[in-house]
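Read-outs throughout are calculated quantities, based only on the coordinates presented, and are distinct from any laboratory measurement. On a predicted model such as this, the values are computed, not experimentally measured, just so you know. No Cβ is skipped: glycine too gets one built from the backbone with ideal geometry, and neighbour counts run over all protein chains shown.
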Amino acid sequence: MNKFLPLALSAALLVACESKTATTGEANTATSAETIQTDSLNPATAATSGAAATAEAEANATPAPDPSSIPAGKAGDAAAILARPQVPILCYHQIRDWRAKDSKNAKDYIIPIATFKAQMKMLADSGYHTVLPDQLYAYLTTGAKLPSKPVMLTFDDTDLDQFTIARPELEKYGYKAVYFVMTVSLGRPNYMTKPMVKQLSDEGNIIGSHTWDHHNVKKYQGQDWVTQIEKPTKTLEEITGKKINYFAYPFGLWNPQAFPELKKRGFVAAFSLAEKRDQQDPLFTIRRIIASGYWSPRTLHNNMVQSF
């Protein structure tokens with residue numbers, strides 16, 4: 001195993017969360033992102049669309065309970081979790097304009113700035129409300145209510161533009177997000193610093209673990225669990241001053257052997273990509289789709305509806 005990821009990180013990790021971008025995976029055709037039966041956390045603004053109303057509703061949302069406060073006896077089993085309509089979860093990587101050297105494949109993982117802004121505006125104007133992992137966990141395990149038209153925004157790999165471009169854009173709409181941090185890149189050129197990660201956490205976003213240097217979880221043996229999972233997660237807890245409860249698999253790749261290792265290290269859920277959820281442990285294979293750089297707001301919305 002490589003002891004250090006060379007600073008070809010920027011190019012190599014464009015395909016870091018490689019998956020079938022537009023794949024519907026485990027799509028539930030009977031239930032779309034439009035028809036998830038959840039109630040608003042703020043009934044006064046639930047029926048009002050538009051960016052201003054969305055931002056107000058986000059600001060007034062009730063915090064979700066910490067997962068550790070939910071008694072095990074009240075958590076549904078795998079069948080109950082799988083039966084609940086899935087919440088749309090979007091995965092972003094780099095947010096910058098395309099360059100001549102960017103490959104066709106890489107452009108799936110690089111979303112032009114104007115496209116990203118248009119996608120966020122579409123979500124807000126359509127009345128979508130962002131949810132965070134604690135809310136999702138409570139919903140999946142107990143059926144707790146979610147805001148109307150929930151969506152989760154996730155950002156992988158610690159790219160600087162997630163702080164400089166995505167963060168202020170999300171603030172326009174009162175949106176919060178999940179940032180899955182790969183700790184090897186912290187402080188490197190074009191990546192976030194530790195103070196930036198701390199600021200995101202302090203502002204109400206969730207910081208999740210995304211390994212030390214993005215090695216495939218399916219290949220871990222012995223000490224790899226300490227190097228790739230345990231130590232980076234402790235680093236993030238030291239940076240944020242908070243418990244890190246959520247993990248995202250590099251490349252979206254997982255196997256059932258990973259679940260007990262993650263649980264031993266305090267994780268309550270883990271996020272993959274477009275493939276099917278594990279039927280015995282769906283909390284450790286929560287699905288996301290990559291928001292492609294090729295997608296217009298309409299195409300993004302269509303893929304959300306088809307995929308979840």
### Query
Is there any pair linking a residue in region 75-91 that is under 24 Å from HIS129 (Cβ atoms) to one that is of a type in the set (Phe, Trp, Tyr), with Cβ under 6 Å and at least six apart or on different chains, and which?
GLN86/PHE308; PRO88/PHE308
### Query
Based on what the data block shows, is ALA291 in contact with a helix residue (DSSP H, G or I) (Cβ under 8 Å, 6 or more places away or on another chain), buried (at least 23 other Cβ atoms within 10 Å of the Cβ), of a type in the set (Gly, Ala, Ser) and in contact (Cβ under 8 Å) with a residue 24 or more places away in the chain?
yes
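For region 294-308, enumerate the residues that are crowded, with 19+ Cβ neighbours inside 10 Å, of a type outside the set (Phe, Trp, Tyr) and either in contact with a helix residue (DSSP H, G or I) (Cβ under 8 Å, 6 or more places away or on another chain) or part of a loop (DSSP other than H, G, I, E, B) (or both).
Narrowing region 294-308 to residues crowded, with 19+ Cβ neighbours inside 10 Å: 295, 300-301, 303-304, 307-308.
Those left that are additionally of a type outside the set (Phe, Trp, Tyr): 300-301, 303-304, 307.
Within region 294-308, LEU300, HIS301 meet the criteria.
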#### Entry: Complete set of residues in region 104-126 that are in contact (Cβ under 8 Å) with a residue 24 or more places away in the chain and either out of contact with any Gly (no Cβ under 8 Å at 6 or more places or on another chain) or over 20 Å from MET304 (Cα atoms) (or both)
ASN105, ALA106, ILE113, PHE116, LYS117, ALA118, GLN119, MET120, LYS121, MET122, LEU123, SER126
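Okay, residues lined up against (1) among the polar types (S, T, N, Q); (2) touching a Gly at 6+ places or on another chain (Cβ under 6 Å); (3) farther than 16 Å from PHE247 by Cβ:
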| position | (1), (2), (3) |
| --- | --- |
| THR193 | yes, yes, yes |
| MET196 | no, no, yes |
| GLY208 | no, no, no |
| ASN216 | yes, no, no |
| GLN221 | yes, no, yes |
| GLN228 | yes, no, no |
| THR233 | yes, no, no |
### Message
Could you check region 146-162 and list, in sequence order, the residues that are under 18 Å from PRO195 (Cβ atoms) and over 15 Å from the mean Cα position of the chain (by Cα)?
### Response
LEU160, ASP161
### Query
Out of region 247-288, which residues are out of contact with any helix residue (DSSP H, G or I) (no Cβ under 9 Å at 6 or more places or on another chain) and either buried (at least 19 other Cβ atoms within 10 Å of the Cβ) or of a type in the set (Gly, Ala, Ser) (or both)?
ALA248, GLY252
